[in-house]
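Below: one structure, written as structure tokens.
The values are calculated or read from the model by the stated rules, or taken from the named source; none is laboratory data. Note that the coordinates shown come from a computational prediction; the quantities given were computed from them, not determined experimentally. Glycine gets a Cβ as well: all are built from the backbone with ideal geometry, and neighbour counts include every protein chain shown.
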Amino acid sequence: MNNNKTTLQKIKYTFVTFILLSCLPVFGQLTDTLPYQPSAEDIFEEELLHDMDEMLNLWYLKMGNASSSAVLSHLKDDATAHTLSDEILASRIAKIITPIPLDYNSRVKRWIELYCEKRKRSSSAMLGLAQYYFPWMKEIFDKYNIPEELIYLTIIESALNPTAVSRAGATGIWQFMYNTGKAYGLEVNTFIDDRRDPYKAAEAAAHHLSDLYNIFQDWGLAISAYNCGAGNVRKAITRSGVKGKPDFWKIINHLPRETQNYFPAYIGVLYLMNYHSLHGIEAADIAIPSAVDTVMIHKPLHLRQLAEALSLDIEEVKLLNPQYKREVIPAYTSSFPLRLKIADAIRYIELADSVHAFQHDFFFQDMKVYEYIFTGVNNPDYTRQNVYHYVQKGETVVTIAKKYNLSVMELRQMNNLKNNTLKLKQRLLVGYTMKRNNETTPHIADSKTTTVATTTVSPKPANTVAAPPDYYVVKKGDTLSVIAKRYGFSVQQLANYNNIKNINALSIGQKIKIPKSK
């Protein structure tokens, strides 16, 4: 009886073993087909690389490095594995004099390799930008009596791009979220986003970091709180159960995943700023003017109006004044700063009245809808029209807000959105335009945007700085219709004068001859 039972058990064991062995190839196939799950480090690095790529596309970087002799033309990124000596790296970090507590480990090494080996071109570009931004940032941080090397956080936050916008809507060189920026005096409205003003944002960041240090009495924790908020750092300290004085490394596993890499990446940047030359990295050439002055503007001024009146480079004017989202200084009831090269600032002061009069009606046609906001006076000749956008596949609140020069919070408030979730084909209010009451103008609509077409009376050139030019150079966004309206001609007149067969085929940089008379 016992022998039969033993035999039966052997048969069962053999059968189960056979079944399991048969299934092994299937399990292997299932394992092979599981989707790749990126680590927290990979996700964080991807965001850093995205910011670097955006920074390298800035026009003033391209301008400064167009020559074959430029620094960037001799640098190559290297994505291969590196074996930098742990002993040497640790020794170098130990020699950096700073009140910020520094450690060296594999987490820190990853970011040193990213900045000093894998992305040398990006690091060279950021070193070039640092020569423009960091000297005056250090003065601001010194005023708050906090370590000046905290300004290197801007490299992680935005790669020193003042118009950077994160997927969450954080904006500017210091990447302030809407509410945090408001708490530190950064104004955000339809025309101005102080988060994009490097000077005001640096002042707010210094104040914020000072407050965070006063809370935690540790720079590693204060830097972490800048990334994830003081509340999340407090929760991490509580969950860690740490005894005695907490620091970043004691609570790291209880912090949000991104923040676990934030402080180690900062140490990597601090290493770059101290030892970049040992890795063959020098500052790139940057076409940003250093001799700049600030003029207070007391009347509304369009940046393109200014640029055309004084023959300035509009991209340079926008670079020096990134806070004006719609390229308009809305000085209706209060004054606003304008930054220009010193020589250009002097010319503006001398010719201010003529500059403001230059083609005013043309440049401020779209501003009529907003004048009531600033002056409280309605224009009876115009009716406001809403402009709508219909959500397309792949679009987010961030991409749509950026397209219409809005902040994420503005877009949400205009449409009563409780969060950033959108539906395909959802209709969003994205702005306004004005229609003359005596005009019968059709709606121009496509699958993405609904708006109202308006016509403009051609401006008179009286009291302007410059007479109509011999030709106009086509810029991004220009159409023959826009150019014709600007100089008081019909599209057909301008097309015939320039022998243009296809009025929809203009190219950026193309010269359009302007007739001397109609």
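Of the residues making up region 207-257, those that are surrounded by 20 or more Cβ atoms within 10 Å (Cβ to Cβ) and of a type in the set (A, V, I, L, M) are Leu209, Leu212, Leu221, Ala222, Ile223, Ala225, Val233, Ala236, Ile251, Leu255. On the stretch given as region 308-354, residues that are part of a helix (DSSP H, G or I) and over 22 Å from the mean Cα position of the chain (by Cα) total 15.
Residues in region 244-289 that are of a type in the set (A, V, I, L, M, F, W, C) and either outside any helix (DSSP H, G or I) or in contact with a strand residue (DSSP E or B) (Cβ under 7 Å, 6 or more places away or on another chain) (or both): Leu255, Ile281, Ala283, Ala284, Ile286, Ala287, Ile288. Considering only residues of region 285-307 that are at pLDDT below 90 and under 22 Å from the mean Cα position of the chain (by Cα), which is farthest from His360 (Cα to Cα)? Ranking the qualifying residues of region 285-307, first place goes to Asp285.
Just wondering, is there one or more residues in region 258-271 that are buried (at least 22 other Cβ atoms within 10 Å of the Cβ), over 24 Å from the mean Cα position of the chain (by Cα), touching a residue at least 60 places away in the same chain (Cβ under 8 Å) and in the same structural domain as Asp211 (by TED's automatic domain parsing)? Yes, there is a match, as at least one residue in region 258-271 is buried (at least 22 other Cβ atoms within 10 Å of the Cβ), over 24 Å from the mean Cα position of the chain (by Cα), touching a residue at least 60 places away in the same chain (Cβ under 8 Å) and in the same structural domain as Asp211 (by TED's automatic domain parsing). Please determine whether any residue of region 20-33 is more than 25 Å from the chain's Cα centre (by Cα), within 30 Å of Lys318 (Cα to Cα) and either at pLDDT below 60 or not in a helix (DSSP H, G or I) (or both). Within region 20-33 (the criterion being more than 25 Å from the chain's Cα centre (by Cα), within 30 Å of Lys318 (Cα to Cα) and either at pLDDT below 60 or not in a helix (DSSP H, G or I) (or both)), the answer is no, since none of the residues qualifies. Residue selection: Ile237 fails the criterion of being closer than 29 Å to Ser123 by Cβ, of a type in the set (Val, Ile, Thr) and without any contact (Cβ under 8 Å) to a residue 24 or more places away in the chain. Under the condition of being surrounded by 14 or more Cβ atoms within 10 Å (Cβ to Cβ) and of a type in the set (Lys, Arg), the residues counted in region 478-505 number 2.
Val465: loosely packed, with under 12 Cβ neighbours inside 10 Å, among the hydrophobic types (A, V, I, L, M, F, W, C), modelled with pLDDT under 75 and in contact with a helix residue (DSSP H, G or I) (Cβ under 7 Å, 6 or more places away or on another chain), yes or no?
It is false that Val465 is loosely packed, with under 12 Cβ neighbours inside 10 Å, among the hydrophobic types (A, V, I, L, M, F, W, C), modelled with pLDDT under 75 and in contact with a helix residue (DSSP H, G or I) (Cβ under 7 Å, 6 or more places away or on another chain).
Checked against (1) out of contact with any Gly (no Cβ under 7 Å at 6 or more places or on another chain); (2) closer than 28 Å to Arg167 by Cα; (3) crowded, with 20+ Cβ neighbours inside 10 Å, Val108 passes all but a single condition, namely (1). Any residue that is in contact with a His (Cβ under 6 Å, 6 or more places away or on another chain) and either closer than 19 Å to Glu410 by Cβ or assigned by TED's automatic domain parsing to the domain that holds Tyr144 (or both) - is there at least one of those in region 199-212? Within region 199-212, not a single residue is in contact with a His (Cβ under 6 Å, 6 or more places away or on another chain) and either closer than 19 Å to Glu410 by Cβ or assigned by TED's automatic domain parsing to the domain that holds Tyr144 (or both). Just one of the numbered conditions (1) modelled with pLDDT under 95; (2) crowded, with 20+ Cβ neighbours inside 10 Å; (3) in a loop (DSSP other than H, G, I, E, B) is not true of Ser122: (3). Scan region 82-91 for residues that are within 15 Å of Leu270 (Cα to Cα) and either surrounded by 17 or more Cβ atoms within 10 Å (Cβ to Cβ) or of a type in the set (S, T, N, Q) (or both) and report the count. Within region 82-91, residues that are within 15 Å of Leu270 (Cα to Cα) and either surrounded by 17 or more Cβ atoms within 10 Å (Cβ to Cβ) or of a type in the set (S, T, N, Q) (or both) number 2. Of the residues examined, Thr180 is one that is β-branched (Val, Ile, Thr) and within 24 Å of the chain's Cα centre (by Cα). Ile155 satisfies every condition listed in (1) in a helix (DSSP H, G or I); (2) closer than 25 Å to Thr421 by Cα; (3) among the aliphatic types (A, V, I, L, M) except (2).
Okay, residues lined up against (1) surrounded by 13 or more Cβ atoms within 10 Å (Cβ to Cβ); (2) at pLDDT below 85; (3) part of a helix (DSSP H, G or I):
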site	(1), (2), (3)
Asp42	no, no, yes
Leu49	yes, no, yes
Met52	yes, no, yes
Met55	yes, no, yes
Leu61	yes, yes, yes
Ser69	no, yes, no
Lys76	no, yes, no
Thr80	no, yes, no
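Checking each residue in region 188-212 for being more than 16 Å from Asn321 (Cβ to Cβ) and among the charged types (D, E, K, R) picks out Glu203, Asp211.
Scanning region 161-201 for residues that are free of Cβ contacts under 8 Å to residues at least 24 places away in the same chain, part of a helix (DSSP H, G or I) and buried (at least 21 other Cβ atoms within 10 Å of the Cβ) yields a single hit, Gly181. Within region 290-307, can one find any residue that is out of contact with any helix residue (DSSP H, G or I) (no Cβ under 7 Å at 6 or more places or on another chain), surrounded by 15 or more Cβ atoms within 10 Å (Cβ to Cβ) and part of a strand (DSSP E or B)? Yes, there is a match, as at least one residue in region 290-307 is out of contact with any helix residue (DSSP H, G or I) (no Cβ under 7 Å at 6 or more places or on another chain), surrounded by 15 or more Cβ atoms within 10 Å (Cβ to Cβ) and part of a strand (DSSP E or B).
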